[in-house]
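Since the structure comes first, as structure tokens, the remarks are kept for the end.
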Amino acid sequence: MAYEYDGDAHTALVESYRADESPFPTGAPADYPPRDSLREEPPLLKRLLFPRCWNGDELLDDPRATRDLLTELGRRLRRGIEAYSGGEASATAIVDETLDRLPAVRRTLKRDAEAAYKGDPAATRYCEIIRSYPGFHAILTHRVAHGLYEQGCVGYARELAEYSKSETGIDIHPGAEIGEYFFVDHGTGTVIGETATVGDWVRIYQNVTLGALHFEAEEGEEHMLAKGYKRHPDIGDHVVIGAGSNVLGTVSVGDHVSIGANSWVTEDVPDDTSVFVAEHPEQERKPNG
């Protein structure tokens, strides 16, 4: 049976397009060059969530066109979900829920774009962030994949997350819970584990790991690691984590914390604290030849 979306997200999305205000794009969409993808879902998501930045001008005042694009995305989502679930009815329900959430996802992503603009001195406009920043591409996919993960569609959510990693160099497990106003700057080599939680207004730089410190063995199973337990850190609100830092294990990082570059954090960090490497290695120089 062919999938056809019959919810009301298309109406809410078009209303939200019309409600956009500066500094988000508000005028007629520019004719941006195509950015092709080997996977079909991300380009459809980008056009639905930010049509002015992804050549989706036909969506701006036409709920029917938006509904058609939701249906097209829904068919692809259902195919991916069914590959893991095997149940057409359950897959359709998950797709409906995922599409119904898109207006709320869009509102959250606009806050992420704001965080990127405010957190990067090099950012010049919001559409630049939406189209070009790998951190924004990563969180866009994650917010949809996380919804699938919450609905029990772990395998397909992981597929989308792994594709996003190949596109951006940022590895966010779909199980990670990430708050609003989230920004990954540069981002190459950044890893966020499955059981990590991240609060609001968190800024992370490249080569940061929110990972596990050690793993538990599954009792009675040789060479088998245990699953389904807490392994990764909890990050509070208004936290900055500098490049090359590792926050490992089930530690808690409080609110208003700054973690300097190349730090190694394996213990709890209280609120209003700066963590940094106290002594840097001395450099020596000598003439060549």
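Values computed for the structure shown
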read-out: Subset of region 106-162 [among the aromatic types (Phe, Trp, Tyr) and in a helix (DSSP H, G or I)]; value: TYR117, TYR126, PHE136, TYR149, TYR156
read-out: Test for HIS214: is it farther than 15 Å from HIS142 by Cβ, surrounded by fewer than 17 Cβ atoms within 10 Å (Cβ to Cβ) and in contact with a His (Cβ under 7 Å, 6 or more places away or on another chain); value: no
read-out: Selected residue (criterion: surrounded by the most Cβ atoms within 10 Å (Cβ to Cβ)) from residues of region 98-135 that are under 20 Å from ALA19 (Cα atoms) and of a type in the set (Val, Ile, Thr); value: ILE130
read-out: Counted residues, region 117-132 - those being touching a residue at least 24 places away in the same chain (Cβ under 8 Å) and closer than 22 Å to ALA30 by Cα; value: 6
read-out: Near pairs, Cβ below 8 angstrom, 6+ apart or cross-chain, from region 229-255 (more than 20 Å from ILE170 (Cα to Cα)) to any residue that is outside any loop (DSSP other than H, G, I, E, B) and hydroxyl-bearing (Ser, Thr, Tyr); value: GLY236/SER252
read-out: Selection within region 45-94 - farther than 17 Å from THR11 by Cα, of a type in the set (A, V, I, L, M, F, W, C) and in a helix (DSSP H, G or I); value: LEU77, ILE81, ALA83, ALA89, ALA91, ALA93, ILE94
read-out: Failed item, numbered, when TYR3 is tested on (1) buried (at least 17 other Cβ atoms within 10 Å of the Cβ); (2) at pLDDT 95 or above; value: (2)
read-out: Residue check for SER90: assigned by TED's automatic domain parsing to the domain that holds GLY7 and either surrounded by fewer than 16 Cβ atoms within 10 Å (Cβ to Cβ) or in contact with a strand residue (DSSP E or B) (Cβ under 8 Å, 6 or more places away or on another chain) (or both); value: yes
read-out: Region 64-83, residues that are farther than 15 Å from ASP96 by Cα and either crowded, with 17+ Cβ neighbours inside 10 Å or small (Gly, Ala, Ser) (or both); value: ALA65, ALA83
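The values are calculated or read from the model by the stated rules, or taken from the named source; none is laboratory data. Not measured: the values here are computed from a predicted model. Virtual Cβ from ideal backbone geometry, glycine too; neighbours counted across all protein chains shown.
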